[in-house]
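Below is one structure, written out as structure tokens; comments come after it.
The values are calculated or read from the model by the stated rules, or taken from the named source; none is laboratory data. Since this is a predicted model, take the numbers as computed values, not measurements. Cβ placement follows ideal geometry from the backbone for every residue including glycine, while neighbour counts extend to all protein chains displayed. Please note that ligands, DNA and RNA were not included when accessible areas were found on the heavy atoms of the full protein model with its side chains. Shrake-Rupley method; radii C 1.70, N 1.55, O 1.52, S 1.80 Å.
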Amino acid sequence: MTTPPATPDQPLAPAEPEKKKGGIGKKILGVVVAIAVALAVKLGLPHLTGEAPVHAEAGDCVTVTGPENDPEVESKGCTEKVADLYKVVKVYDNTFDVEKCGEDSEVALAQQLNSDKFVLCLNAVKN
């Protein structure tokens with residue numbers, strides 16, 4: 001259906017206002033994305049994916065899996081019946097020197113969490 005042309009006696013129909021593109025939804029999404037990127041940069045991607053090294057304390061138990069050059073350490077209960085379960089004997093902060101564990105532990109594991117570096121001295125839990 002076509003509209004007849006306006007004559008001098010007839011006023012033009014009011015134009016519909018233009019809809020804003022983007023709106024507040026896009027602004028909120030932009031802020032959320034910016035925050036996520038900032039967190040990824042600040043904390044590092046491993047924290048967001050759950051792959052960050054565990055900074056356990058003496059007395060805690062952990063599992064150690066994966067290759068020797070990139071082991072994965074996960075906190076566990078000391079009574080759990082899992083393979084590769086170790087009890088943390090001692091923790092040395094601000095170092096990668098695994099020799100500090102000496103003969104007090106069976107395994108020494110150097111880890112880094114952000115700018116913190118530390119060594120976990122571990123003994124296997126016999127289940």
Restricting attention to the range 71-89, the residues that are touching a residue at least 12 places away in the same chain (Cβ under 8 Å), within 17 Å of residue 126 (Cβ to Cβ) and assigned to a loop (DSSP other than H, G, I, E, B) number exactly 7
Scanning the range 71-85 residue by residue, the ones that are crowded, with 16+ Cβ neighbours inside 10 Å and touching a Lys or Arg at 6+ places or on another chain (Cβ under 9 Å) total 1
For residues that are buried (at least 17 other Cβ atoms within 10 Å of the Cβ) and assigned to a strand (DSSP E or B), scanning just the range 56-70, find the one that is farthest from the chain's Cα centre (by Cα).
61
Inside the range 71-111, the number of residues satisfying the requirement of being on the phi > 0 side of the Ramachandran plot and not polar (S, T, N, Q) is 2
Quick one: would you say residue 113 is over 13 Å from residue 57 (Cα atoms) and open to solvent by less than 50 Å² (accessible area, probe 1.4 Å)?
yes
Confirm whether residue 92 is open to solvent by 40 Å² or more (accessible area, probe 1.4 Å), under 20 Å from residue 126 (Cα atoms) and part of a strand (DSSP E or B).
no
